[in-house]
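First comes the structure, then the notes that go with it.
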């Protein structure tokens, strides 16, 4: 059942406050200074590549403090200003290659993205949360000048698959200043997250036998306070490993979430609120949200 709750997140609260100051003749919501790219459409958020040309640079594990080797993908243009930063962790026993597709797909929509290997393939969610934060800090503080000149250090987000998805909640608990978290078929022994204040998107898979939604994704979503922007999307007939290959529903919802909460770009709200309609024959079997309507 879809939950319809009204919520105003920290970025949206500021924007709505600005619109009030404009007065009744002004726009309903002030435009974010971090809007990047043309007006979005369903086709644009589903496209394999967005409007920004991108380049990538590799980082050796000898250079990375607190995580393994990595790839940073970033928009080549600097004409629209700086970009938010997104760190992406793989799951248990998996390598960067399993989540590498997210790098260029998200970066081409106007973000700097670091996908990385964990220090060991057996790292637990807490360790992966620490490494997500270390990867963000590396991009902001120690990456090449070419990358750093494109970065907005105040607009940071994390994404993770499986134990990496459980790690996104750990990262948000440790660093509430994060703008967004996205867990992809997340796994964690801790089922309750009342301390989460970061807008959180949880993407589960209906046929997940590794991290069943009934004992992982749904409890995670339900335990996040109703005062926090949150959404739960369930992939129809999908397995735990759905995030390991190009996936349009994952990409479209992830891009929209990052745009809305990292960039404060309310043009993307239309794709999340009320969001996709669940269907037994479509891509999405369940969708719930607690966002501004």
Could you list, in sequence order, the residues of segment 130-152 that are in a helix (DSSP H, G or I), crowded, with 17+ Cβ neighbours inside 10 Å and touching a strand residue (DSSP E or B) at 6+ places or on another chain (Cβ under 8 Å)? 131, 132, 133, 135, 136, 138, 139, 140, 147
Given the condition surrounded by 21 or more Cβ atoms within 10 Å (Cβ to Cβ), within 26 Å of residue 176 (Cα to Cα), touching a helix residue (DSSP H, G or I) at 6+ places or on another chain (Cβ under 6 Å) and at pLDDT 95 or above, answer yes or no: does some residue in segment 217-229 qualify? no
Identify all residues within segment 107-129 that are more than 17 Å from the chain's Cα centre (by Cα) and in a helix (DSSP H, G or I); write none if there are none. 126, 127
Find the residue count for segment 250-288, including only residues that are more than 13 Å from the chain's Cα centre (by Cα) and more than 25 Å from residue 154 (Cβ to Cβ). 16
Number of the condition not met by residue 292 [criteria: (1) in contact with a helix residue (DSSP H, G or I) (Cβ under 7 Å, 6 or more places away or on another chain); (2) over 27 Å from residue 151 (Cβ atoms); (3) crowded, with 17+ Cβ neighbours inside 10 Å; (4) modelled with pLDDT of 95 or more]: (4)
Regarding residue 106, is this residue surrounded by 20 or more Cβ atoms within 10 Å (Cβ to Cβ), in contact with a strand residue (DSSP E or B) (Cβ under 9 Å, 6 or more places away or on another chain) and within 17 Å of residue 156 (Cα to Cα)? yes
Of the residues that make up segment 5-18, is at least one closer than 30 Å to residue 208 by Cα, modelled with pLDDT under 95 and touching a strand residue (DSSP E or B) at 6+ places or on another chain (Cβ under 7 Å)? yes
Counting just the residues of segment 190-209 that are in a loop (DSSP other than H, G, I, E, B) and in contact with a helix residue (DSSP H, G or I) (Cβ under 7 Å, 6 or more places away or on another chain), which one comes out farthest from residue 229 (Cα to Cα)? 191
Take the residues in segment 109-122 that are without any contact (Cβ under 8 Å) to a residue 60 or more places away in the chain and touching a strand residue (DSSP E or B) at 6+ places or on another chain (Cβ under 9 Å), then tell me which one is surrounded by the fewest Cβ atoms within 10 Å (Cβ to Cβ). 117
Count, please, the residues in segment 63-106 that happen to be part of a strand (DSSP E or B) and touching a helix residue (DSSP H, G or I) at 6+ places or on another chain (Cβ under 8 Å). 12
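The values are calculated or read from the model by the stated rules, or taken from the named source; none is laboratory data. All of these numbers come straight from a predicted model, not from anything done at the bench. Don't worry about glycine lacking a Cβ; one is built from the backbone with ideal geometry, like all the others, and counts go over all protein chains shown.
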